[in-house]
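The values are calculated or read from the model by the stated rules, or taken from the named source; none is laboratory data. None of the values given here were measured: they were computed from a predicted structure. Every residue, glycine among them, receives a Cβ derived from its backbone with ideal geometry; neighbour counts consider all protein chains shown. All accessible areas refer to the heavy atoms of the entire protein, side chains included, with ligands and DNA or RNA removed. Shrake-Rupley method; radii C 1.70, N 1.55, O 1.52, S 1.80 Å.
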Amino acid sequence: MRENQKSAIPHLVLSEQTFPIIEQVTAGMPGGFFIYRADGRGELIYANQALAEIFGCDSMEQFREYTGWTFQGLVHPEDWERVDQSIQRQIAENGDDLDYVEYRITRRDGSIRWLQDYGHFVRTSLYGDVFYVFVEDATQRHLKELSEARTARLAQERLEALEALKHETTALRLVHEILRSGMWCVDFDQRGEMVRARWSDDFRAMIGYHSEEDFPNNLEAWSALLHPEDRIRVLSEYYATIEDYTGRKIYDVEYRLLTRDRGYRWFRDTGKLSRRADGTPVTYVGIFVDVTQRKQTDQELQRQRKLLEGALEQARQSNRAKTVFLNNMSHDIRTPMNAIIGFTNLAAAHMDDRELVEDYLSKISASSGHLLSLINDVLDMSRIESGRVCLEAAPCRLSRIFRELNDMVQADVEAKELNFSIQAGEMTHDRVVCDKLRVSQVLLNVVSNALKFTPPGGSVWVEAAETGPGPEESACYEFQVRDTGIGMSAAFLRHIFEPFERERTSTISGTQGTGLGMTITKSLVDMMGGTITVDSQPGKGSQFTVRLCFPLASGPEEQEEESLGWSGREEDFHGRRVLLVEDNQLNQEIAATILEEAGLEVAVAADGAQAVDMVRASAGSPYDVVLMDLQMPVLDGYGATRAIRDLEDPRLAGLPIIAMTANAFEEDRQQVLDVGMDGHLGKPIEIDKLMDMLGAVFSGESLPGGRTRYGQQG
C-alpha cells in the first residue's frame with residue numbers, strides 16, 4: 001500500500017538548468033521559498049533571497065552558515081519534533097495534499113518570529129524525494145489568529161503556485177503570458193565553452209521572424225540586429241555577466257533592436273547564469289520584453305519636462321529683465337517728469353522775468369521731447385513683439401536717406417561739439433526698393449546711440465558702401481557707424497540686443513533710455529533680412545555694422561513724396577474756418593489756442609456725431625478743414641469721416657479732413673487714409689508740422705490722401 005501511494009507522487013524533472021527558471025518565477029514573491037530533501041535533517045537544495053532576509057541574513061553565504069543549510073536548522077529547537085511529525089505524516093499519507101504547519105524561528109539578531117509553512121511533497125529524477133516549501137512571516141497572524149477563510153484561501157494560493165512549478169514549461173509560459181516576452185537560452189559544456197544558443201518562437205515573432213530558417217539559433221543572428229549606438233554597450237554587459245564567476249552579476253540591459261517589419265524597437269533584456277560548484281557556467285537564460293511604448297512615453301515626458309524647464313527659465317529671465325526695466329523706467333520717466341513739473345512751477349513763480357521763463361520753457365520742452373522718446377521706444381517694442389509692424393517697400397534713394405539722417409542729428413552734434421561725418425562710397429545703385437522709414441529708423445537708432453555715448457569733443461563716423469550684387473536683381477550694402485565713445489564690455493556685448501538691457505543704469509552713466517533701442521534696431525534688421533554686429537572695447541569706442549540687401553528700383557523715376565516738414569513760411573490764415581473735433585477739454589484748449597493765434601476761426605465738436613451734425617449745418621458757409629481725433633465717445637473719428645463722405649452735398653462730402661491723434665504709428669496713418677481722410681498728424685501737436693499741413697490744404701497742394709480743397713483729386 002505504501003508503494004502504491006508513493007507511485008502517485010508527481011514526478012518532476014529537477015536539474016541545475018531549472019534553477020534559473022525557478023529563481024525567475026519566485027524572485028518577485030514576498031515570502032520565502034526553498035526546496036529540501038525529505039530525509040534525515042532535510043538538507044536544503046535551493047533557497048531564495050527572500051528566505052535569507054526573513055532570517056535577517058544579508059547574503060546567501062551568511063544564511064548558509066547561520067542555518068547549516070538544513071531544514072532542521074531553520075526551525076526553533078522546541079518546535080522541531082512537532083514539525084517533523086507533520087512532515088512524516090504527509091510522507092506516510094498520499095503526498096498530493098498540501099502540508100501546512102506553523103513554527104518559530106530564531107533570527108540572526110536573536111529575535112523570535114513565527115512562520116507559516118506550506119509544503120508539497122514531490123519526487124525528482126536527480127534529487128529523489130523532496131519538499132517544495134513556501135513560507136511567510138506569521139507573527140502578526142499568530143498574535144491575532146487568522147480566520148479559517150483566510151487560511152484556506154492562502155493555502156489554495158500556495159497550492160496553485162506549487163502546481164505551476166511542477167514543470168518548467170508551465171512556469172515559463174505563465175511568465176511570458178504576463179510579460180508578453182520572448183525567451184533565449186545559451187548552454188555551456190563542462191569546460192564552460194558556449195555550445196549553442198536558442199531563441200523562443202515568441203521572441204522570433206516579436207521581431208518579425210517566424211522560423212529557425214529565418215532567424216537561426218546563434219548569437220550572430222541577434223547581435224547583427226543591435227543598433228550601432230547600443231552594440232558595444234550591450235555585448236559588453238552580456239559577456240561581463242558570463243565572466244563574473246561570483247554569480248552575483250545579472251544581465252539587465254535596455255537597447256534598440258532592428259525588427260523585420262517595424263524598424264528599431266526598444267527591448268529590455270534580462271538574464272542570469274546557473275553555475276557549477278567551480279563557477280563554470282551551465283546555462284544562461286533570459287527573457288526579452290518590448291518596452292518601446294514605455295520608452296517613447298519616457299522620452300516624451302523628458303522632452304516636455306525640458307520644454308517646461310526652458311519655458312520656466314525663460315519666464316524667470318523675462319521677469320528679471322522686466323523688473324530691471326521697470327526700475328530703470330521708473331527712474332528715467334521720473335527724471336524728465338521732475339524737470340517738467342519743477343520748471344513749470346519755477347516759471348509760474350517768475351512770470352515777471354521773461355528771460356528766465358523762456359529758459360525754463362526751453363528745458364520743459366527738452367524734457368518733454370525726451371519723455372516722448374521713452375514712450376515711443378516702449379510702444380515700438382510692443383508693436384514689434386505683437387507682430388503689428390509691417391514693412392512697406394517703395395522706390396527711394398539711399399543718398400536721400402543719408403542727407404535726412406545728417407539733418408536729423410545736427411542739433412545733437414552741435415550741442416555736444418562732436419566731429420560727425422557721413423561718407424557714402426561709390427554706389428553703382430543708389431535707387432532701391434525698401435521701407436525708407438524703417439531703414440532710416442535703423443540708421444538713426446545706431447547713430448543716436450553713438451552720439452549719446454560719445455563724450456563732447458569726440459567723433460562719430462558713418463560709412464556706407466555697396467558690397468556687391470544680391471539675389472534676384474538686388475544689391476547688398478554695408479553701413480558702418482564708428483565712434484570714440486565710452487565703449488562696452490565683452491560681457492554686455494552678448495546681451496546688447498536683448499530687451500531692457502543696459503550696461504549701466506542712467507544714474508551711473510548719466511545717459512537715459514529704455515534699453516530697447518538696440519532691440520528695436522535688431523528686430524527691424526531681421527525683418528529686412530539683414531544682419532547687425534557690434535565690436536567694442538571699454539574706453540575705446542564702438543563699431544556697429546549693418547548689412548542689408550535691397551531689390552533694385554526699375555522703371556522711370558517718379559517724383560518722390562516730400563515730407564511735410566516746417567518750411568519756415570508765414571501763412572496768413574485769417575478768415576479760414578476750422579472744425580476741431582476733440583473730446584478732451586485740455587486738448588481742445590491747447591489746439592484751439594494754437595489755431596486761433598495763427599488767425600484761424602475755430603469751432604469745436606466734442607465727439608464724431610456732433611461733428612457730422614455741425615458739418616451738415618454749415619452748408620451755407622462750409623468749414624475750410626476738419627481736424628479729426630480718432631478715439632471719441634458716441635462716434636469715433638473713422639465713423640464720423642465715413643458719415644461726412646456720404647453727405648449729399650459734394651462740397652461738404654469733400655471737405656479736407658486731417659487726423660490729429662495720439663494713434664501715431666504707420667499703420668494708423670495708413671488706416672486714416674484708407675477711411676477717406678486727407679492727412680495724418682500725431683500728438684503731441686508739433687506746431688510747425690500743423691501749420692505746414694494747413695498751408696498745404698489752403699493752397700490746394702496734393703496731400704497723402706490724394707485730395708485738394710473741396711475733394712478735387714490732385
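Observations, loosely collected:
- Those residues of segment 449-498 which are at positive phi and not small (Gly, Ala, Ser), in sequence order: GLU472, GLU473
- Test: residue in segment 134-155 that is aliphatic (A, V, I, L, M) and either more than 60 Å from the chain's Cα centre (by Cα) or at pLDDT 75 or above (or both): yes
- For segment 388-442, taking the residues that are open to solvent by 60 Å² or more (accessible area, probe 1.4 Å) and within 25 Å of ASN663 (Cβ to Cβ), the one that is modelled with the highest pLDDT is identified as ALA393.
- Selection within segment 203-260 - modelled with pLDDT under 90, open to solvent by 50 Å² or more (accessible area, probe 1.4 Å) and of a type in the set (Val, Ile, Thr): THR246, ILE250
- Qualifying positions in segment 84-124 - at pLDDT 85 or above, among the hydrophobic types (A, V, I, L, M, F, W, C) and buried (at least 19 other Cβ atoms within 10 Å of the Cβ): VAL101, ILE105, LEU115
- Considering GLU667, GLU589, GLU648, GLU596, the condition of being out of contact with any His (no Cβ under 7 Å at 6 or more places or on another chain), among the charged types (D, E, K, R) and in a loop (DSSP other than H, G, I, E, B) is satisfied by GLU648 alone.
- Residues in segment 570-591 that are open to solvent by 50 Å² or more (accessible area, probe 1.4 Å) and of a type in the set (Val, Ile, Thr): ILE590 only.
- Top-ranked residue in segment 446-479 [being open to solvent by less than 40 Å² (accessible area, probe 1.4 Å) and polar (S, T, N, Q); ranked as nearest to THR428 (Cα to Cα)]: SER474
- Test: MET660 is within 17 Å of ASP607 (Cα to Cα) and in contact (Cβ under 8 Å) with a residue 12 or more places away in the chain: yes
- Residues that are among the β-branched types (Val, Ile, Thr) and closer than 19 Å to THR531 by Cβ, drawn from segment 447-487: VAL447, VAL462, THR467, VAL481
- Where a residue in segment 341-353 is closer than 18 Å to LEU371 by Cβ and its partner, wherever it lies, is open to solvent by 70 Å² or more (accessible area, probe 1.4 Å), with Cβ under 7 Å and at least six apart: PHE343/LYS363; ALA347/LEU361
Residues are listed down the side, and each one gets a yes or a no for (1) touching a Ser or Thr at 6+ places or on another chain (Cβ under 9 Å); (2) at pLDDT 75 or above; (3) closer than 23 Å to GLN610 by Cα; (4) not basic (Lys, Arg):
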{"site": "LEU673", "(1), (2), (3), (4)": "no, yes, yes, yes"}
{"site": "HIS680", "(1), (2), (3), (4)": "yes, yes, yes, yes"}
{"site": "GLU686", "(1), (2), (3), (4)": "no, yes, no, yes"}
{"site": "MET693", "(1), (2), (3), (4)": "no, yes, no, yes"}
{"site": "ALA696", "(1), (2), (3), (4)": "yes, yes, no, yes"}
{"site": "SER702", "(1), (2), (3), (4)": "yes, no, no, yes"}
{"site": "GLY705", "(1), (2), (3), (4)": "no, no, no, yes"}
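- The residue list GLY620, GLY639, GLY679 contains one member that is of a type in the set (Gly, Ala, Ser) and open to solvent by 50 Å² or more (accessible area, probe 1.4 Å), which is GLY620.
- Counted as qualifying within segment 391-505 are the strands (runs of 3 or more DSSP E) with 1 or more residues that are in contact with a Leu (Cβ under 9 Å, 6 or more places away or on another chain), namely 419-424, 431-434, 459-470, 474-483.
- Any hit, segment 684-694, residues being without any contact (Cβ under 8 Å) to a residue 60 or more places away in the chain, aliphatic (A, V, I, L, M) and open to solvent by 30 Å² or more (accessible area, probe 1.4 Å): no
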